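Presented below is the structure to which this report refers.
The values are calculated or read from the model by the stated rules, or taken from the named source; none is laboratory data. This is a predicted model, so every value here is computed, not measured. No Cβ is skipped: glycine too gets one built from the backbone with ideal geometry, and neighbour counts run over all protein chains shown. Side chains are part of the model used for accessible areas, which takes the heavy atoms of the whole protein and leaves out ligands, DNA and RNA. Shrake-Rupley method; radii C 1.70, N 1.55, O 1.52, S 1.80 Å.
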Amino acid sequence: MRQPFRSSTSTALTTLLLTSLLLACGGGGGGDSGNDEGSDNPYVQRTASANGKAAICAAPRRGNDPYNGNQPYPDRQGSIDDEKKWVRAFMGDIYLWYREIPSVNAAPYTASNYGSVTDALDAYFQDLKTRQTTASGRLKDEFSFTYSTALFNAQSRSGVEIGYGMQVALLATQPPREAVIVYTDPNTPAAGQHIDRGAEILAVDGVDLVYDDSQSGIDTLNAGLFPEVQGESHQFTIRDYGSDSSRSVTLTAVAANSVPVQKVQSYTAGSSKVGYLLFTQHIATAEGELINAITQLRDAGISDLVLDMRYNGGGYLDIASELAYMIAGPARTTGRTFEKLSFNDKNPLATQTDTVTPFHTTAQGFDPSVTSGSSLPTLNLPRLFMLTGSGTCSASEAVINGLRGVGVNVVLIGDTSCGKPYGFFPTDNCGLSYFAIEFAGVNDQGFGDYADGFDPNCYVSDDFGHALGDRNEALLATALGYRSSGSCTTASSRAASFDENHGAHEPMKLLRSPLRENRFFRRR
């Protein structure tokens, strides 16, 4: 079967950046268009492509289909109207909230109106999402999105992503804006320029990121922050944390391999040891890195673990299941459910028996360096300290929910998680992959009601003045303090220096690929 993916973003990545970008992609009203049923349903045609049926595309793809034995794509020439019919039929069949799809006239969604076929299809797809809200007033579906199939394959399987190797967070999206580096990947252009945690981006290619609100300025900022081609070079004005002056650096985009496990270490706390694990992405290559990390922590003899997933937006649910098992061990998880998926009543997967994800006791073969079926190491911990924030999403939240479902005490330190108990099966059509919310997940006890996120036991502001893993960093210090005292300390004051210098912040928004903010399954 297709394999689910859980992550947490909504539309195009750039909609996170600036107010002007939030105005993109509006839809028309009027009657519904393209709700084909029966044998002419283009969704049926596409899902049957492995059996020789062809997708009808405005521009047929070239190359081979990785989901069809690497045979040539059987796509045939059509029009954008054919693709819109496919989108509407696809949503009507599998979308979790298909009864809430608004009436949308498909006619205005054309390449001439939106700049390209891909942008028109994305706009149409976005306007088919439910407009209902959660109890707190948030849109119920902030997460469904589209993405290039080729880029999805590259990023989800190997962690390859065009960029500079730095994770940027927006602390304020409207002028005066604030963009801060939260971490950098090793051996990347950003690391080579000594851009460290807490550094602020003041300008890109001469455009003031803090105050420029012109469309041309926004376009320049987006072009620099989100390079599309290897070898692109852009100039950044950076102010390092604690510095009164700025410096200019030139960054050249590369196809960088992300490092999902950034740091593994242990601390002596009294007569025992506490482990720390910084984990940023549930991608395929994380499997081997997590196995090595847990083995290292087990051999160090830790009695508690602080799992830092404040910036982890999700990924493969099976990776989350492996991690949860390695933390809890077999005694608590044998015969128990990590997550059970629920679908709409029309989805053919709703009647299948493999909608339950167990606690995986063996490697699932995501990472080529790992032997599929090999036993996983375990820590056998009754308690977990997890560092969380608004960037903790989907598959990361599934770790919280799955462990709590089998009685592990999960203590959360930081801020409220993003709130995404949903996921999808990536479905490709004509070179564009559609990630429409397809299922909701519940744990072994049937709980999955966290659409507004998990609140922490201790609220602590992110501390950009200390390196991640530093015992004096506010979230980690609070976790260590809670471990010894059983209560929240005043460690949040450690982060106050940043707030005092820069003012109160809206919820942090991490600027990253949608694939780094979701829960999903690979195809089986």
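From THR361, THR285, THR334, THR351, which residue is surrounded by fewer than 19 Cβ atoms within 10 Å (Cβ to Cβ), of a type outside the set (Phe, Trp, Tyr) and in contact with a Pro (Cβ under 7 Å, 6 or more places away or on another chain)? None of the others qualify; the one that does is THR361.
Matching residues to (1) within 19 Å of PHE279 (Cα to Cα); (2) open to solvent by less than 10 Å² (accessible area, probe 1.4 Å):
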site	(1), (2)
SER433	no, yes
ASP455	no, no
ASP462	yes, no
ALA474	yes, yes
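The condition of being among the β-branched types (Val, Ile, Thr), in contact (Cβ under 8 Å) with a residue 40 or more places away in the chain and farther than 16 Å from VAL442 by Cα holds for only one of THR416, THR337, THR333, THR371, that being THR416.
Residues of the range 259-274 that are in contact with a strand residue (DSSP E or B) (Cβ under 6 Å, 6 or more places away or on another chain) and either among the basic types (Lys, Arg) or under 25 Å from ILE319 (Cβ atoms) (or both): VAL261, GLN262, LYS263, VAL264, GLN265, SER266, LYS273, VAL274.
Matching residues to (1) under 18 Å from SER233 (Cβ atoms); (2) open to solvent by less than 40 Å² (accessible area, probe 1.4 Å); (3) without any contact (Cβ under 8 Å) to a residue 40 or more places away in the chain:
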| position | (1), (2), (3) |
| --- | --- |
| PHE152 | no, yes, no |
| ALA172 | no, yes, no |
| ARG177 | no, yes, no |
| THR184 | yes, yes, yes |
| GLN193 | yes, no, no |
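In the range 293-312, how many are of a type in the set (Lys, Arg) and surrounded by 23 or more Cβ atoms within 10 Å (Cβ to Cβ)?
Within the range 293-312, residues that are of a type in the set (Lys, Arg) and surrounded by 23 or more Cβ atoms within 10 Å (Cβ to Cβ) number 1.
Taking the criterion of being without any contact (Cβ under 8 Å) to a residue 12 or more places away in the chain and more than 30 Å from GLN296 (Cβ to Cβ), the residues of the range 213-272 that qualify are SER214, SER216, GLY217, ASP219, SER243, ASP244, SER245, ARG247. Go through (1) more than 30 Å from ALA120 (Cβ to Cβ); (2) surrounded by fewer than 21 Cβ atoms within 10 Å (Cβ to Cβ); (3) of a type outside the set (Lys, Arg) one by one and return the number of the condition ALA440 breaks. Condition not satisfied by ALA440: (1). Could you please give the count of residues in the range 365-406 that are of a type in the set (Gly, Ala, Ser), open to solvent by 20 Å² or more (accessible area, probe 1.4 Å) and assigned to a loop (DSSP other than H, G, I, E, B)? Count: 6. Checked against the criterion of being of a type outside the set (Ser, Thr, Tyr) and closer than 21 Å to ALA324 by Cα, the candidates PHE454, PHE464 yield just one match: PHE454.
For PHE226, state whether it is modelled with pLDDT under 95, buried (at least 21 other Cβ atoms within 10 Å of the Cβ), in contact with a strand residue (DSSP E or B) (Cβ under 9 Å, 6 or more places away or on another chain) and aromatic (Phe, Trp, Tyr). When the stated conditions are applied, PHE226 does not pass them. Residue check: ALA123 meets all listed conditions (1) modelled with pLDDT of 95 or more; (2) touching a helix residue (DSSP H, G or I) at 6+ places or on another chain (Cβ under 6 Å); (3) more than 24 Å from PHE424 (Cα to Cα) but one, namely (3). Being without any contact (Cβ under 8 Å) to a residue 40 or more places away in the chain, within 14 Å of LEU251 (Cα to Cα) and surrounded by 17 or more Cβ atoms within 10 Å (Cβ to Cβ) is a property that ALA203 has. Evaluation of TYR325 against the conditions (1) without any contact (Cβ under 8 Å) to a residue 40 or more places away in the chain; (2) open to solvent by 10 Å² or more (accessible area, probe 1.4 Å) shows that the sole unmet condition is (1). Candidates TYR109, TYR98: the one that is aromatic (Phe, Trp, Tyr) and either more than 15 Å from ALA436 (Cα to Cα) or open to solvent by 50 Å² or more (accessible area, probe 1.4 Å) (or both) is TYR109. For GLN132, the stated conditions hold: it is touching a Phe, Trp or Tyr at 6+ places or on another chain (Cβ under 9 Å) and surrounded by fewer than 18 Cβ atoms within 10 Å (Cβ to Cβ).
Yes/no per residue for (1) modelled with pLDDT under 95; (2) in contact with a Leu (Cβ under 9 Å, 6 or more places away or on another chain):
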site	(1), (2)
ALA48	yes, no
ALA54	yes, no
CYS57	yes, no
ASN64	yes, no
PRO72	yes, no
ARG99	no, no
PRO102	no, yes
